[in-house]
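Encoded as structure tokens, the structure appears first; notes follow it.
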């Protein structure tokens, strides 16, 4: 599927991405890592690092997560994990897995409208 040129994002999403980009930039600067060094470490271009730090919503989420891990930005309040937090996170993941197992694997729109006028 082709990537849409103009995708609409909610204000909340744009602000969250911008904040994550700022946190990544601050972490990179605090650790004295240049954008070029970080790009080499991640296996991406320097341009992608700069785009993420500007809060570009078109960057891959995996790239954001890897950059956050390298710069020490804690995601989901999961860094560092105590034993109790690790157990709680495992329980939440298990509950999410159980819920997903009960849901259908695909979502399809009905092909025809149901006539329920009796």
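Read-outs throughout are calculated quantities, based only on the coordinates presented, and are distinct from any laboratory measurement. Small disclaimer: the values here were computed from a predicted structure and weren't measured. Note: ideal-geometry Cβ built from the backbone for every residue, glycine included; neighbour counts use all protein chains shown.
Given (1) 1.58; (2) 1.48; (3) 1.06 as candidate values of Cα Rg over 2.2 N^0.38 Å, which corresponds to the one derived from the coordinates? Among (1) 1.58; (2) 1.48; (3) 1.06, the one calculated here is (2).
Helix content alone sets the calculated 222 nm mean residue ellipticity of the chain: runs of n ≥ 4 DSSP H residues at -39500 (n - 2.57) each, divided across all residues, give -18500 deg cm²/dmol. Here the residues 65, 76, ranked from fewest to most Cβ neighbours within 10 Å of their Cβ, fall in the order 76, 65.
Arranged from fewest to most other beta-carbon atoms within 10 Å of their beta carbon, 64, 12 become 12, 64. Centroid-to-centroid, using Cα positions, the stretch 97-118 and the stretch 38-66 are 37 Å apart.
Relative contact order for the stretch 11-71: 43 percent, from Cα pairs under 8 Å spaced at least 6 residues apart, divided by residue count. Exposure proxy for 61, 17: other Cβ atoms within 10 Å of each Cβ, ordered fewest to most, give 61, 17. Here the Gaussian network model covers the chain, with springs between Cα atoms less than 10 Å apart; of 69, 94, 26, 94 fluctuates the most.
Would you look at the GNM of the chain, springs on alpha carbons closer than 10 Å, and say which of 93, 54, 31 moves the most? Among 93, 54, 31, the largest mean-square fluctuation in the Gaussian network model of the chain belongs to 93. Using a cutoff of 8 angstrom between alpha carbon atoms and counting only pairs six or more residues apart, the relative contact order for the chain works out to 23 percent.
For the options 46, 108, 88, a Gaussian network treatment of the chain with springs between C-alpha atoms closer than 10 Å singles out 108 as fluctuating the most. A Förster radius of 22 Å, combined with the Cβ-Cβ distance separating residue 46 from residue 6, puts the computed FRET efficiency at roughly 0.30.
For the stretch 11-71, what does the alpha-carbon gyration tensor say about shape, rounded, prolate or oblate, given a ≥ b ≥ c as the root eigenvalues, a/c under 1.5 as rounded, and a/b over b/c as prolate? Here the stretch 11-71 falls in the prolate category. Calculated on C-alpha atoms, the gyration radius of the stretch 48-105 divided by its Kirkwood radius gives an Rg/Rh of 1.11.
Here the gap between residue 84 and residue 54, fully extended at 0.36 nm per residue and compared with their Cα-Cα distance, gives a gain of 7.3 nm.
Placing dummy labels 7 Å off each Cα toward the beta-carbon, the span from residue 19 to residue 75 is 1.6 nm.
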